[in-house]
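No value in this document is a laboratory result; all are computed from the given coordinates. Treat the numbers as computed from the prediction; the structure is a model and nothing was measured. In this analysis, Cβ positions are derived from the backbone assuming ideal geometry, glycine residues included, and neighbour counts consider all displayed protein chains.
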């Protein structure tokens with residue numbers, strides 16, 4: 001790989017060396033274009049390389065509307081892309097709903113979400129070596145662990161989203177400035193980059209220049225440290241995958257397996273389990289407390305831990321994680337013969353499928369007489385002609401319906417008679433016999 005510190009460093013050749021092995025000919029690349037120096041340089045580079053490697057290049061500018069110059073920046077990006085003949089999308093986003101995160105964090109999240117939702121094979125971002133050094137320092141000052149100290153990966157594969165590429169990550173910003181001046185490129189300046197109230201700008205303008213006086217290569221060495229942290233994080237992930245083979249199945253974590261591991265290893269497994277489920281990773285203090293509660297609570301405890309709009313629940317020595325469930329609703333709907341009924345959140349959907357020899361006897365299903373509601377306590381159902389009635393509570397326990405799903409389960413009644421518990425039981429006098437026309441009732445729970 002070319003040395004980005006050499007005076008005769010070839011930036012175009014470096015980016016080609018990074019990207020050519022990764023991107024097949026004919027692939028589509030979307031560039032995140034702010035109009036600043038970094039993304040303008042990357043646009044110039046990718047435009048030339050797209051002609052050489054037959055890549056289909058496009059760009060997106062995310063218009064936050066924060067600055068009074070935001071419209072001018074969008075117009076600049078439009079003119080620049082028109083000059084190259086590169087298609088540009090301008091995505092306007094509203095930062096107000098996320099202001100509680102802070103302007104910088106909110107803008108970053110909205111930009112990331114907008115870019116990740118686009119149809120492209122690859123997403124190219126112009127983060128460079130100085131950005132990586134700043135990110136590492138920020139993460140260390142926040143008390144992040146090995147994963148956070150890994151800072152930004154040069155390549156990131158994401159399910160259902162373009163592969164994320166940062167081809168300039170080991171290139172100092174000074175090289176980008178040299179390249180821009182050499183090719184007479186123009187760019188815009190975001191006035192907020194000079195505001196030292198933002199932590200990143202404080203590090204950029206105050207701390208890193210001071211460090212550089214004593215440690216001239218500090219940006220390069222910090223970026224190298226981030227790569228080493230990334231290697232260590234990869235090893236921890238591999239260890240977690242090995243532990244997960246025994247501890248994780250069907251989107252649940254066996255608490256007994258978690259208890260058997262040394263605490264640090266157990267927290268590593270717990271962090272991996274959350275990541276696989278798509279949950280946000282809590283900070284180290286909350287993760288440790290989550291681990292403690294899961295391992296130390298009574299075996300019969302129905303634990304629920306809330307964080308960042310998610311929940312960790314424990315039942316029968318197994319842990320589950322899911323987006324925070326909304327409160328159940330009390331409702332009563334009448335079935336009029338529809339093939340599908342959407343119920344109030346979080347009660348899901350009921351599907352009615354005509355069948356033969358199973359399900360509810362069709363001649364017992366009179367539209368307008370069947371009512372659908374959740375359980376309210378004390379419900380019972382007779383499942384055989386000579387059998388006693390069974391309590392709904394016991395049936396749900398026997399079928400291992402998770403406690404937080406029980407109140408969401410819709411029930412079918414005819415008058416005061418419990419006719420059907422979808423997927424579990426049908427009252428004996430309503431069961432279709434062999435050869436009889438029936439209706440099978442399926443419940444699709446609200447995803448959790």
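Points worth noting:
- As a proxy for reagent exposure, 178, 243, 79 were ordered by neighbouring Cβ count within 10 angstrom, fewest first; the result is 79, 178, 243.
- Comparing the chain with the 2.2 N^0.38 Å rule of thumb, its C-alpha radius of gyration ratio is 1.29 (two decimals).
- Helix-only mean residue ellipticity at 222 nm for the chain, each DSSP H run of n ≥ 4 adding -39500 (n - 2.57), per residue, nearest 500: -11500 deg cm²/dmol
- Computed from label points 7 Å out along Cα-Cβ, the spacing between residue 68 and residue 353 is 6.3 nm.
- Distant alpha-carbon pairs in region 333-444 (separation over 26 angstrom), percent: 12
- Cut-off 18 Å, label 7 Å out along Cα→Cβ of residue 324, residues of region 83-110 by amide N: 97-102
- Residue ranges 21-28, 191-198 sort as 21-28, 191-198 when ordered by packing (mean number of other C-beta atoms within 10 Å per residue, highest first).
- Under the shape rule built on the C-alpha gyration tensor, where the axes satisfy a ≥ b ≥ c, region 11-219 is rounded, since a/c falls short of 1.5.
- Compactness index (Cα Rg / 2.2 N^0.38 Å), region 250-323: 0.97
- Ordering 10, 330 by the number of other Cβ atoms within 10 Å of each residue's own Cβ, fewest first, gives 330, 10.
- R0 of 51 Å, Cβ-Cβ distance residue 334-residue 92: FRET efficiency to nearest 0.05: 0.70
- FRET efficiency for residue 79 and residue 116, using Cβ-Cβ distance with R0 set to 22 Å, rounded to 0.05: 0.25
- Approximate shape of region 378-448 as ellipsoid semi-axes (Cα gyration tensor, √5λ), whole Å, largest first: 21, 16, 11
- Two-site label geometry, residue 108 and residue 263: point separation in nm, points 7 Å out along Cα→Cβ: 3.0
- Overall form of region 1-126 per C-alpha gyration tensor (a/c, 1.5; a/b vs b/c): prolate
- Label positions at residue 140 and residue 429, each projected 7 Å from the Cα along the C-beta direction, are separated by 7.7 nm.
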